């Protein structure tokens, strides 16, 4: 179990994450939502061990991840929001590199890398440099790299960015299958329809603070709205978006 306990992060005396606490349970997909600038990315980078919190801690199975950061990273699979890859490597070479960095046996790396490239429909591009890949192809390589070492914990930050419809459908099934195997999954996305379909619970953050943490079904009942989109709008959106859209159109049509 992944426990986030009272995380706070200050930048120039301003709290971008403010006393954030929640739990991500094994065997479930937990959605982490919020508008741009809400503190999502900062939280994720703290959990992934990329930056330090000002206060608070992250526990995995009851142990502070700072006690054994390398041990935690061995158990972590992370898909960052931006696809930063070594573009001069081929897809296969990149996965082989990740496997070596994970200290996996070379034969196991080669087998898994080739199988994952096949399963993600990249088999004909395995020897092509990543610089020739589309954004969606790069994203599939990142997902493959995150899964290569069979991690216990997955942090997926906008993993569907640039991915085509078929790959997105595959990914939804993949999330459910990974959860059924007991993986602990934190899923960050702006695509509320997908979050509503795949997540057992959702955490909504706004201006650095947690606004809600529950199942979508219970939140719908409590707030008397039919969808996650309605829940999200009530909790974090201060403006009437329909009126705002009308005003934008009125502005551009004004001669």
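In the range 158-255, counting only strands (runs of 3 or more DSSP E) that sit wholly within it, none holds 3 or more residues that are modelled with pLDDT under 75.
The single condition from (1) touching a strand residue (DSSP E or B) at 6+ places or on another chain (Cβ under 7 Å); (2) more than 27 Å from residue 134 (Cα to Cα); (3) part of a loop (DSSP other than H, G, I, E, B) that residue 3 fails is (3).
Of the residues making up the range 40-87, those that are touching a strand residue (DSSP E or B) at 6+ places or on another chain (Cβ under 6 Å) and assigned to a loop (DSSP other than H, G, I, E, B) number 6.
Among the residues of the range 149-166, the ones that are surrounded by fewer than 18 Cβ atoms within 10 Å (Cβ to Cβ) and in contact with a helix residue (DSSP H, G or I) (Cβ under 6 Å, 6 or more places away or on another chain) come to 2 in all. Taking residue 31, is it at pLDDT 95 or above and not in a helix (DSSP H, G or I)? Spelling it out, it is not the case that residue 31 is at pLDDT 95 or above and not in a helix (DSSP H, G or I). Residues that are under 15 Å from residue 89 (Cβ atoms), surrounded by fewer than 19 Cβ atoms within 10 Å (Cβ to Cβ) and touching a residue at least 24 places away in the same chain (Cβ under 8 Å) within the range 130-143 comprise just one, 131. A single entry from 80, 26 fulfils the requirement of being at pLDDT 95 or above and within 23 Å of residue 173 (Cα to Cα): 26. Out of 101, 97, one residue alone is surrounded by fewer than 14 Cβ atoms within 10 Å (Cβ to Cβ), farther than 30 Å from residue 208 by Cα and out of contact with any helix residue (DSSP H, G or I) (no Cβ under 7 Å at 6 or more places or on another chain). It is 101.
Residue-level check: of (1) touching a strand residue (DSSP E or B) at 6+ places or on another chain (Cβ under 9 Å); (2) at pLDDT below 95; (3) not assigned by TED's automatic domain parsing to the domain that holds residue 205, residue 91 misses just (2). Got at least one residue in the range 183-192 being in the same structural domain as residue 47 (by TED's automatic domain parsing), surrounded by fewer than 19 Cβ atoms within 10 Å (Cβ to Cβ) and farther than 11 Å from residue 33 by Cβ? Looking through the range 183-192, none of the residues is in the same structural domain as residue 47 (by TED's automatic domain parsing), surrounded by fewer than 19 Cβ atoms within 10 Å (Cβ to Cβ) and farther than 11 Å from residue 33 by Cβ. Among 179, 146, which is the only one that is surrounded by 15 or more Cβ atoms within 10 Å (Cβ to Cβ) and outside the structural domain of residue 42 (by TED's automatic domain parsing)? It is 146.
Any residue at all in the range 106-126 that is touching a residue at least 40 places away in the same chain (Cβ under 8 Å), outside the structural domain of residue 48 (by TED's automatic domain parsing) and within 28 Å of residue 42 (Cα to Cα)? Scanning the range 106-126, I find no residue that is touching a residue at least 40 places away in the same chain (Cβ under 8 Å), outside the structural domain of residue 48 (by TED's automatic domain parsing) and within 28 Å of residue 42 (Cα to Cα), so the answer is no.
Could you list all residues from the range 16-36 that are farther than 13 Å from residue 1 by Cα and either surrounded by 14 or more Cβ atoms within 10 Å (Cβ to Cβ) or in contact (Cβ under 8 Å) with a residue 60 or more places away in the chain (or both)? 16, 17, 18, 19, 20, 21, 31, 32, 33, 34, 35 - these are the residues of the range 16-36 that are farther than 13 Å from residue 1 by Cα and either surrounded by 14 or more Cβ atoms within 10 Å (Cβ to Cβ) or in contact (Cβ under 8 Å) with a residue 60 or more places away in the chain (or both).
Here residue 195 passes the criteria (1) touching a strand residue (DSSP E or B) at 6+ places or on another chain (Cβ under 7 Å); (2) surrounded by fewer than 18 Cβ atoms within 10 Å (Cβ to Cβ) except the one numbered (2).
The values are calculated or read from the model by the stated rules, or taken from the named source; none is laboratory data. The structure displayed is predicted, hence computed values, not measured ones. A quick note on method: Cβ atoms are made from the backbone with ideal geometry, for glycine too, and the neighbour counts reach across all protein chains shown.
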